[in-house]
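Reading through the structure tokens given below for one structure.
The values are calculated or read from the model by the stated rules, or taken from the named source; none is laboratory data. None of these values were measured; they are calculated from a predicted model. Because the Cβ atoms are built from the backbone with ideal geometry, glycine has one as well, and the counts that use them run over all protein chains shown.
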Amino acid sequence: MLAKIRVHKEGMGSSLPRAVDLLRFSESDIRERLLEKGYAYDEELLVIGFEDWECDINMTLHEAYMLKIVLEQYYDGDEFIICHMIKSHRPVEDLIYSHYRFLSKSEVETMQHILKNSDQNSLVAYFYKVNNWVNLVQSYIEAGILLNTSRGFYELHE
């Protein structure tokens, strides 16, 4: 989790010369090091991307550490879903508060799981409303219930 960090001071910003490993260093470690370099301890720090994940994003350092907790505690260190959501331009809040679990590589199995508790009349009415299978699947993706990734489908887990 190599974060590219910018320091903002009085409306001016400058990037740190190298990425910082958020899995290795705490926020206070980073701030102590910046203090040694002449910055104030409470300087505004923004993460502008993750070098090892090859993705750009704007978030506060605090949000990045919240994302680290999600990565370690929910995804067991597998950054795939987080990277997918960043590259799909999902809001930072979604990255932190929306957790997904793998369902299937099969679109049919995925929709069978999603629709298993739907009553037949509601399902027919909804299918009629969306017109076709592709729109049916896409409606669940757009609602954030499903993620369609190169590894398969993931379901929002609450």
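Quickly run through the range 1-22 and pick out the residues that are more than 21 Å from Ala40 (Cβ to Cβ) and buried (at least 17 other Cβ atoms within 10 Å of the Cβ). Scanning the range 1-22 gives Met1, Ala19. Pairs meeting the criteria (first residue in the range 69-82 and among the aromatic types (Phe, Trp, Tyr), second residue part of a helix (DSSP H, G or I) and surrounded by 16 or more Cβ atoms within 10 Å (Cβ to Cβ), beta carbons under 8 Å, at least 6 apart or on different chains) are Tyr75/Ile81; Tyr75/Ile82.
Just wondering, is there one or more residues in the range 27-48 that are within 16 Å of Tyr154 (Cα to Cα) and in contact with a strand residue (DSSP E or B) (Cβ under 6 Å, 6 or more places away or on another chain)? No, the conditions are met nowhere in the range 27-48. Restricting attention to the range 56-77, the residues that are surrounded by 12 or more Cβ atoms within 10 Å (Cβ to Cβ) and not in a helix (DSSP H, G or I) total 6. The requirement of being assigned to a loop (DSSP other than H, G, I, E, B) and of a type in the set (Asp, Glu) is fulfilled nowhere in the range 86-106; no residue meets it.
The single condition among (1) in a loop (DSSP other than H, G, I, E, B); (2) modelled with pLDDT of 90 or more that Ile30 does not meet is (1).
For residues that are among the hydroxyl-bearing types (Ser, Thr, Tyr) and within 28 Å of Glu79 (Cβ to Cβ), scanning just the range 105-138, find the one that is surrounded by the fewest Cβ atoms within 10 Å (Cβ to Cβ). I'd like the intermediate steps shown before the answer.
Just the residues of the range 105-138 that are among the hydroxyl-bearing types (Ser, Thr, Tyr), to begin with: 106, 110, 118, 122, 126, 128.
Remaining after also requiring within 28 Å of Glu79 (Cβ to Cβ): 106, 110.
Values: Ser106: 12, Thr110: 20.
In this case the residue turns out to be Ser106.
Scanning the range 1-25 for residues that are closer than 18 Å to Val70 by Cβ and in contact (Cβ under 8 Å) with a residue 24 or more places away in the chain yields Met1, Leu2, Ala3, Leu22, Leu23. Scanning the range 24-54 for residues that are closer than 29 Å to Phe102 by Cβ, surrounded by 16 or more Cβ atoms within 10 Å (Cβ to Cβ) and not β-branched (Val, Ile, Thr) returns Gly49, Phe50, Trp53. Given the conditions (1) over 14 Å from the mean Cα position of the chain (by Cα); (2) part of a loop (DSSP other than H, G, I, E, B); (3) closer than 27 Å to Asp21 by Cα, and given that Ser118 satisfies all but one, which numbered condition is not satisfied? Unmet condition: (3).
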